[in-house]
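Worksheet: one structure, shown below.
No value in this document is a laboratory result; all are computed from the given coordinates. What you see is a predicted model; the values in this text were computed from it and never measured. Methodologically, a virtual Cβ is constructed for each residue, glycine included, from the backbone with ideal geometry; neighbour enumeration extends over all protein chains shown.
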Amino acid sequence: MSDASVAAKPLERGSGMPKMTDGVSWTASLFVAPAVILLGIFLLYPTISTIILSFENGLDNYIRLFTRDPNFFDVRSFPPTGAFWNNVLWVIFYTGGCVFFGLLIAVMAARVRYEAFIKAIVFLPQAIAATALGVIWRFVYFQQPKTGLLNAGLGVFNIDPIAWLGSATWVNTSLIVAGIWGSVGFATVILSAALKGISTEILEAARVDGARESQIFWRILVPMLSLPISVVAVTLIINVVKLFDLIFVMTKGGPGSSSRTIAFTMYQEALASRNFDYGAAVAVVMLVVLLPVMIYNVRRFRAEKVVQ
Amino acid sequence: MTRFRMVAPIAVLALMLTACPASTTSNSPGASGGAGSSGASGATIEVTSLWGGAEAEAFQAVLDAFTADTGINVTYTSQRDEYSTVLSNRIEQGDPPDVAIIPGIGFLRSFAKDDLLIPLADLGLDTSALADAYAPNLSDMGVSVGTVNDVPLAIMVKLNSKSTIWYDPSRFSENGWETPSDWDGLVALTDQIKSDGATPWALGASDSWTLTDWFESIYLRQAGEEAYDTLFSADGDWTDQSVKDAIATMTEILNDDNVAGGIDGALATAFVDGIGLVFSTDPTAEMYYEGGFVGGIATGDVNDALVSGETIDFFDFPEIDGSGSKITVGGDVMAAFTNEPGVAEFMQYLASADAGKAWVAGGTIISPMAGVESGDYPEAVQKEATQIVESDLARFDGSDLLPGGPDLGTVLQTAIQDPGAVDGALSDFQTQVDDAWAELNG
């Protein structure tokens, strides 16, 4: 859009070559039009109508969400519970876990000859649809050791089987671990590629100066990888705030409501219960939660352009 | 390359333009009706529900009989998973089925609120005559269950008992266990099985509706039918002591000591997996409470070596404190979304003994219609049919009467896992139910 207006500027000055600039502006609009129309139809219109729908009863939907719906937001005890806070857990531990293990694997794998093999293995879950991933992990977490891989493993150490997905204490941890398993490959591949971009001279210089490996990791690698790390983190955060599939397949939000997430609540209210305005309010909350992350993302891209 | 760049956006635009008219033509609702003359013969209507497999075959027999009778064709569309979501979507898009058979009345209410259903009267159906078509102890329920704000919108067409506790008679006689007739007897049997070193109960409570069925069965017997009717209406008080008492009674049996895998394990077990714990080739528990449909699923999907009456059978959910033979039932209602030719005829037909007889022959359902005799059923379901017809009093599955949204099952999951949290969970639930009723009626 801004390109088009810049191109149109000479036109105001009158003289020059009106015919040609006219042509340029027209082509530019033509190029931009499909994108703008598509965005308008499929993004802007639904967003606005969702927001309007959520205010159907004035502010009541929002008041109900945050004060009268403990399945969504409950701060009467500590730690707080409900779908909103479960999502906070996901953002912290899932994103943190993916970045931590992704970085660890990238750095460690770079030191061995079979790096490609390790990365292929770690990346493999990326090829599995989230629903299939959910089914696989349901089997892993099954309580009967005959089926449940994890409990069969614990049985070797004489630990009684745990109902990972049935216990309110364990269910979120279990789901987050499954989620990390599914996404750590993404973090690994991006960070590993970035790692390759760091000049070996810097590392050699550090070693010559007597830096320990841990110092090299924390003082050199991590700061130099801060940009790709934040790219990975932001992408994962955006994905996880919208998390629905794993929950739907593995627990349907249970036991009780202890593993619901914001997106699952939206589905539950809007589609399963046909409570569209209330579901829309949940969607708007999700959007508001995501906005700062997106703004950060856009700003950073702009900053990068300046650097280039 | 440059030339391509110029062409690409135009091609996209062209595609979009050509796409538009295509989508508008396919959007006209109810185009399936065809000729709209006086006689509906030759018309085609679409009926949707969630049955597949044997259940769909049994229903198809009814449709075939109807077509042979009237010349009206019926297309059956099956939607196994996420039925409510898909149905709701079709309606939003202006492409509703002509008739839908819906499990759960709560869901019906939200359609009623948006005026999406054709009232029975507008279809030209006589509702008082319809009520008379039901078996005597169900005649209260048949039409009233589909009545929203005094407008009859739907009728019950099939049901199952929800007062059946399933067990393996051969294992019971081997161990000298006897089926109980009252609640104390059931608790004593549970203790006896435990002391004999076996696990008394399986529970598939990750599907939370199994818990609502437990609760309703107990509440109806313990608190009585008046309290039951009030509780599952807009006047219901979930913080009442009778609700807490019923939950306490429930946890006499549903606790870590009695249930396979403990309560945590049960909450990670799905409904069908729970059946497997009792009736698979390698069983780990002895009893499973759920509706009459368990028999068909156990023999059909879980273990085809089971023999009805020998290795699988049910006893009645016992009475509590001399409550008599009260039962809860779960059923499906039928409602019309269009008034196409043939719809009224179809609904009238389904409320007849003829349709009931054709349907029950498949062995998957119980018909609520008067005139369907025990002998019309295949042997495996005769016992369930008899239980329903001979009960003193029947009540519809209460959680299906509540408005969609707040989930009683979720509350009960919390209640059996953490009995200390019952009071708080119930008062939270009360708030949510009030909001949901207000939304529906307001």
> What number, in nm² with one decimal, is the all-direction average of the projected area of the convex hull of the alpha-carbon atoms of segment B:316-356?
Replying inline: 4.6
>> I need the calculated FRET efficiency for the pair A:R207 and A:T67, taking r as the beta carbon distance and R₀ as 51 Å, to the nearest 0.05.
In response: 0.30
> Under a point spin-label approximation (7 Å from Cα along Cα-to-Cβ), what is the A:I92-B:D122 distance to one decimal in nm?
Replying inline: 5.3
>> I need the shape label for segment B:188-342. Rule: rounded when a/c is under 1.5, else prolate if a/b > b/c, else oblate, with a, b, c from the alpha carbon gyration tensor.
In response: oblate
> For segment B:275-424, what is the convex hull volume of the alpha-carbon atoms per residue, in Å³?
Replying inline: 173
>> Order these by the 10 Å Cβ neighbour count, fewest first: B:T48, A:T265, B:T386.
In response: B:T386, B:T48, A:T265
>> Whole percent per 20 Å bin, from 0 to the bin with the longest distance: what is P(r) over all C-alpha pairs of chain B?
In response: 24, 52, 19, 4, 0
>> I'd like the Karplus ³J(HN,Hα) series for segment B:224-233: coefficients 6.51, -1.76, 1.60, θ = phi - 60°, whole numbers in Hz, and an x wherever there's a Gly or Pro.
In response: x, 6, 5, 4, 4, 4, 5, 4, 8, 10
> Can you give the three extents of the C-alpha atoms in segment A:107-151 along their principal axes, from longest to shortest, in whole Å?
Replying inline: 40, 22, 14
>> Give me Rg/Rg_expected for segment B:162-241, where Rg uses Cα atoms only and Rg_expected = 2.2 N^0.38 Å with N residues.
In response: 1.36
> Once the Cα gyration tensor of the protein assembly as shown is found, what semi-axes does its equivalent ellipsoid get, as square roots of 5 times the eigenvalues, in whole Å, sorted largest first?
Replying inline: 52, 38, 23
>> Need one number for segment B:253-341: average projected area of the convex hull over its C-alpha atoms, nm².
In response: 9.9
> Given the convex hull over the Cα atoms of segment B:58-160, what projected area results after averaging over all orientations, in nm²?
Replying inline: 7.6
> From the Cα gyration tensor of segment A:32-96, with a ≥ b ≥ c the square roots of its eigenvalues, which class applies: rounded if a/c is under 1.5, or else prolate if a/b is larger than b/c, or else oblate?
Replying inline: oblate
>> Once R0 is set to 22 Å, what does the formula 1/(1 + (r/R0)^6) return for the Cβ-Cβ distance between A:V156 and B:S280, expressed as a FRET efficiency to the nearest 0.05?
In response: 0.35
>> Contact order normalised by length for chain A, with contacts defined as Cα pairs under 8 Å and 6 or more residues apart; what percent is it?
In response: 23
>> If you wrap a convex hull around the alpha carbons of chain A, what volume per residue comes out, as a whole number of Å³?
In response: 223
>> Based only on other Cβ atoms within 10 Å, what is the fewest-to-most ordering of B:D428, B:D301?
In response: B:D301, B:D428
>> Ignoring trypsin sites (Lys or Arg not before Pro) that are buried or in helix or strand per DSSP, and keeping those with at most 16 other beta carbon atoms within 10 Å, what is the longest stretch of chain A between them?
In response: A:243-308
>> Using the Kirkwood radius over C-alpha pairs as Rh, can you work out the diffusion coefficient of segment B:337-427 via Stokes-Einstein at 20 °C, viscosity 1.002 mPa s, in µm² per second?
In response: 128
> Counting Lys and Arg as +1 and Asp and Glu as -1, each charge on the Cβ, what is the dipole of segment B:32-125 about the Cα centre in debye, to the nearest 20?
Replying inline: 140
> Quick one: what does P(r) look like for segment B:74-126 with 5 Å bins over all Cα pairs, in whole %?
Replying inline: 4, 15, 30, 28, 16, 6, 1
>> Please compute, for the alpha-carbon atoms of segment B:123-172, the extent along each of the three principal axes and give them in descending order in Å.
In response: 54, 20, 16
>> When the expected Rg is taken as 2.2 N^0.38 Å, what fraction or multiple of it is the alpha-carbon Rg of segment A:137-227?
In response: 1.68
> Whose amide H sits under 5 Å from the amide H of B:I366, counting only residues 5 or more places off or on another chain, with H placed in the peptide plane?
Replying inline: B:L159
> Computed over the Cα atoms, what is the radius of gyration of segment A:29-155 divided by 2.2 N^0.38 Å, N being its residue count?
Replying inline: 1.64
> Counting other Cβ atoms within 10 Å of each Cβ, which chymotrypsin sites (Phe, Trp or Tyr not before Pro) in segment B:99-160 have at most 16 and sit in a DSSP loop?
Replying inline: none
>> Need one number: the % of Cα-Cα pairs in segment A:191-308 sitting beyond the 23 Å mark.
In response: 53
>> Strictly greater than 13 Å: what percent of every Cα pair in segment B:144-206 meets that?
In response: 74
